[in-house]
Amino acid sequence: DIELDRAIVDEMGDPLVHILRNCVDHGIESMEDRKAAGKNPVGIIKIRAMREKDQVYINIQDDGRGMNVEKIKRKAVARGILKKEKFNLISDKEALMLVCHSGLSTAEKVTDVSGRGVGMDAVKSVVDSIGGSLHIDSTPNKGTIITLKLPLTVAIVHVLLVKVKEE
């Protein structure tokens with residue numbers, strides 16, 4: 001029962017597909033790996049939308065392997081996105097957001113689904129362009145939650161009207 005501006009819905013189609021592809025290709029393990037980890041052999045991806053005042057929160061959550069913060073940081077250093085001296089100084093939350101830089105992928109091989117170094121940078125760019133924000137939370141062997149905070153509409157502009165005499 002959440003209504004969004006048509007412009008936002010149109011803009012968010014491709015970014016949501018990118019996120020879902022990442023959940024499937026990066027997050028959800030093989031059936032054998034899931035069984036070995038004591039998980040249900042079938043992975044779960046949940047999508048939730050909630051409204052809070054003039055914002056909509058979209059959570060995309062998988063119950064997969066989670067994101068490897070150390071691997072992300074190593075790849076970021078190798079790509080020149082992160083300086084070596086900052087490797088041990090950035091928080092895990094900051095490290096997770098490094099995946100939103102162009103050209104950064106932790107995929108071992110390129111597939112039709114992922115590993116091309118595009119995706120999360122495009123998602124963040126679109127979300128930022130409509131006045132939203134993106135947050136990533138991940139727990140090893142438990143999964144990843146990507147939260148998109150979006151405005152209900154792009155047509156609302158906050159203004160202050162002032163009248164002085166006839167002006």
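The values are calculated or read from the model by the stated rules, or taken from the named source; none is laboratory data. Since this is a predicted model, take the numbers as computed values, not measurements. Note that we place each Cβ from the backbone using ideal geometry, even for glycine, and neighbour counts take in every protein chain shown. The area values use the complete protein model at the heavy-atom level, side chains included, leaving out ligands, DNA and RNA. Shrake-Rupley method; radii C 1.70, N 1.55, O 1.52, S 1.80 Å.
Just a few scattered comments:
- Just one of the listed residues (THR153, THR139) is closer than 22 Å to ASP92 by Cα and either modelled with pLDDT of 95 or more or of a type outside the set (D, E, K, R) (or both), and it is THR139.
- Checked against (1) touching a helix residue (DSSP H, G or I) at 6+ places or on another chain (Cβ under 8 Å); (2) over 19 Å from HIS135 (Cα atoms); (3) open to solvent by 50 Å² or more (accessible area, probe 1.4 Å), LYS35 passes all but condition (1).
- ASP54 among the acidic types (Asp, Glu) and either in contact (Cβ under 8 Å) with a residue 60 or more places away in the chain or out of contact with any Ser or Thr (no Cβ under 9 Å at 6 or more places or on another chain) (or both): yes
- Scan region 1-30 for residues that are out of contact with any strand residue (DSSP E or B) (no Cβ under 9 Å at 6 or more places or on another chain), open to solvent by 40 Å² or more (accessible area, probe 1.4 Å) and without any contact (Cβ under 8 Å) to a residue 24 or more places away in the chain and the total you get is 5.
- The listed residue being at pLDDT 90 or above, closer than 16 Å to HIS18 by Cβ, small (Gly, Ala, Ser) and open to solvent by less than 70 Å² (accessible area, probe 1.4 Å), out of GLY132, GLY66, GLY80, GLY119: GLY132
- For MET97: the one exception among (1) open to solvent by less than 90 Å² (accessible area, probe 1.4 Å); (2) over 15 Å from the mean Cα position of the chain (by Cα): (2)
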